[in-house]
Each structure stands twice: as structure tokens, then as C-alpha cells.
Amino acid sequence: MQFGLFGSAQAKRGGPDTDSGAGFRDFVEYNIQAEALGYYSSFLVEHHFTGFGQVSATLNLLT
């Protein structure tokens, strides 16, 4: 049996000093750790027009 992950990254919101890319880097690191533990896949979801800094273009995140 193979197991995978389901989820998405979220940009951090805040002032000009906020690193908005931290959420994406955290998600990539999460997937790297999961692969090391033997997880087989990662399914990414897309969210459009939510206003919460969620990923609307999963292919960009995957690259």
C-alpha cells in the first residue's frame, strides 16, 4: 500500500517586513521530509478568489 499527502501551501500575510514566501518554503520542506519517511505522492489543491494567500497555481509551486 502506498500513502500520499493532500494539502497546499499558504503565503504568510502581514506588513512589509513579513516574508510571504516562508509558507511555501515550509510546505516544500514538509514534502521533502515526507518523502524521506516513505510517502509516495503529494496532491495539491487550488484555491481561487479566497483572499487567504492560498495557492491558485499549483504548477508554479511544484516547479
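The values are calculated or read from the model by the stated rules, or taken from the named source; none is laboratory data. Note that the structure is a prediction, hence the values are computed from the model and not measured. Every residue, glycine as well, gets a Cβ built from its backbone with ideal geometry; the counts of neighbours run over all protein chains shown.
Out of the residues in region 1-46 that are touching a Ser or Thr at 6+ places or on another chain (Cβ under 8 Å) and assigned to a helix (DSSP H, G or I), which is modelled with the lowest pLDDT? The selected residue is F27. Checked against the criterion of being in contact with a helix residue (DSSP H, G or I) (Cβ under 7 Å, 6 or more places away or on another chain) and acidic (D, E), region 9-20 contains not a single residue that satisfies it.
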